[in-house]
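One structure below.
Nothing in this text is a laboratory measurement; each read-out follows from the coordinates by a stated rule. Just so you know, these numbers come straight off a predicted model, no measurement behind them. Cβ: placed from backbone, ideal geometry, glycine included. Neighbour counts: every protein chain shown.
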Amino acid sequence: MSPRLIRKYCSIDSESERLLESAMTRQGLSARAYDRILKVSRTIADLEGSDEIDGRHVAEAVGYRSLDCTCWT
């Protein structure tokens, strides 16, 4: 998914944006990781049948990212 499509299909509200930015800062994640978290958030929302990505979806995606990072260090 291109960055343009990510922005189109993976838009999040300001609360979710703050949550994601906080996680990015705490974990020292890159812009590439940011896009990956958005895509996973979109998938989680889709699996729940939700048209919108909300904070729960972002938090779950960040949690999966955290698991991924701790397994490889």
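Points to keep in mind about this one:
- Using the Karplus relation 6.51 cos²θ - 1.76 cosθ + 1.60 with θ = phi - 60°, the per-residue 3J(HN,Hα) values for the stretch 14-30 come to 5, 5, 5, 4, 5, 4, 5, 5, 4, 5, 4, 5, 4, 9, x, 8, 8 Hz, with x marking Gly and Pro.
- About the centre of its Cα atoms, the chain shows a dipole size close to 400 debye [charges on the beta carbon of Lys, Arg (+1) and Asp, Glu (-1) only; nearest 20 debye].
- Mean residue ellipticity (222 nm) of the chain, computed from DSSP H runs ≥ 4 via -39,500 (n - 2.57), nearest 500: -24000 deg cm²/dmol
- The angle between the Cα long axis of helix 55-71 and the main principal axis of the chain comes to about 30°, on a 0 to 90 degree scale.
- Near residue 9: Cβ cut-off under 13 Å, other residues only, Lys/Arg at +1 and Asp/Glu at -1. The net charge is +1.
- Each 10 Å bin from zero holds the following percent of Cα-Cα pairs in the stretch 3-71: 22, 59, 19, 0.
- Distance in nm between pseudo-label sites at residue 60 and residue 31 (7 Å out along the Cβ direction from Cα): 2.9
- A simple packing score, the average count of other Cβ atoms within 10 Å per residue, orders the peptides 48-60, 5-17 as 48-60, 5-17, with the highest score first.
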